[in-house]
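The values are calculated or read from the model by the stated rules, or taken from the named source; none is laboratory data. Computed from a prediction, not measured in an experiment: that's the story for all the values here. Here the Cβ is made from the backbone with ideal geometry for all residues, glycine too, and neighbour counts use every protein chain on show. With ligands, DNA and RNA removed, areas are computed over all heavy atoms of the protein, side chains included. Shrake-Rupley method; radii C 1.70, N 1.55, O 1.52, S 1.80 Å.
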Amino acid sequence: MTHYASTDYLRDEAGLFHAAGELAARPDFALDPADVQRALDRAPRLSDEQRDAVLAATTCDDLALIVGRAGTGKTTTAATIADAYREAGYDVLGGALAGKAADTLQRETGIHSRTLHSWEYAWKQGDFLDRRCVLVVDEAGMVDARQLSRVLDHAASQHAKVVLVGDPDQLKPIGPGDPFRGLLEQHPSARLDTIRRQAEPWQREASAELAGGRVAPALDAYQQAGRLHVADTRDGARADLLARYAADRAPTPAAASSCSPTVTTMSPGSTPASATSAWPPASSAPASPSGPATGADPGSSSLRFSQEL
């Protein structure tokens, strides 16, 4: 197979790997494991793999990579990493491609976060990272090669540390390249594989199927559990979905007990009555349940989506 790339892109990609190599060669931000243990003690609900990821990100070199599917507790892991570095006197900053992701990172971890474009603008104005800064980049798999090259280059030149957190199998960058996957091929990473967002084993297995784009077996699991509801039209599916969501959110014990993950679909061969789909919008990317990353009450959230079959 023949591949084509512009010389500009090849230059940016080479710069990306060079900056990553500089960061990976420096252990300036390596903390004493005994100091990290105090942060781990303050987060007793972390799983073994989350604890391993925290240790890998805080006790090794100045480039840390963490891979995890949706629902595996990446955000909770990032919060503990930040806690360890703050206790050691470092400034922990957060960045993401999208503003919503940056807001979520700040809300759920307490890390001061902005979009990567906002950080780049600040750096151009002279507000640089420095030797006491740890930059946590969430949803790193969505950042294209050119932007990630600029971010890593700035961090390397200012002797800062970068922690990249993401999933190379979820949404891809809009711009050129797949740099997070490329970095994973060249540098060691910590992995979070156990889905913690759902309490029931069958729900976790179904979530893994959805994350891998295997919708049919995931729906089979919901059907076997009696949680698959079929409507004849898209409008009917939407109305059923909203009615059940409203019931789940009602402040009554009876409603609270009904908050178990449910899937509402259209029956095969049905004709959509509207071009607007229910949550989440139809997409080529695998559907992914939402909710608390760890320590979640199985009755605290509902999985709702409409999938045209």
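Quick notes
- Protein accessible area in segment 58-141, 1.4 Å probe - carbon and sulfur %: 47
- 13 Å cut-off, amide nitrogen to a point 7 angstrom out along GLU185 Cα→Cβ, residues in segment 147-178: 177-178
- Cut-off 13 Å between beta-carbons: net charge of the residues surrounding TRP123, Lys and Arg +1, Asp and Glu -1: -1
- For segment 15-75: rounded, prolate or oblate by the Cα gyration tensor [a/c cutoff 1.5]: oblate
- Of all aspartates and glutamates in the structure, those lying under 15 Å Cα to Cα from LYS124, and not within fewer than 8 positions of it along the same chain, are ASP153.
- Segment 83-151: relative contact order as a whole-number percent, Cα under 8 Å and 6+ apart: 39
- Rounded accessible area per residue of segment 1-137, 1.4 Å, Å²: 49
- Relative contact order of segment 40-193, pairs being alpha-carbon contacts under 8 Å that are 6 or more residues apart, as %: 30
- Cut-off 13 Å (backbone N to label point 7 Å along Cα→Cβ of ARG86), residues of segment 92-109: 92-94, 106-109
- When the alpha-carbon atoms of segment 34-181 are used, the pair Rg, Dmax equals 14.3, 42 angstrom.
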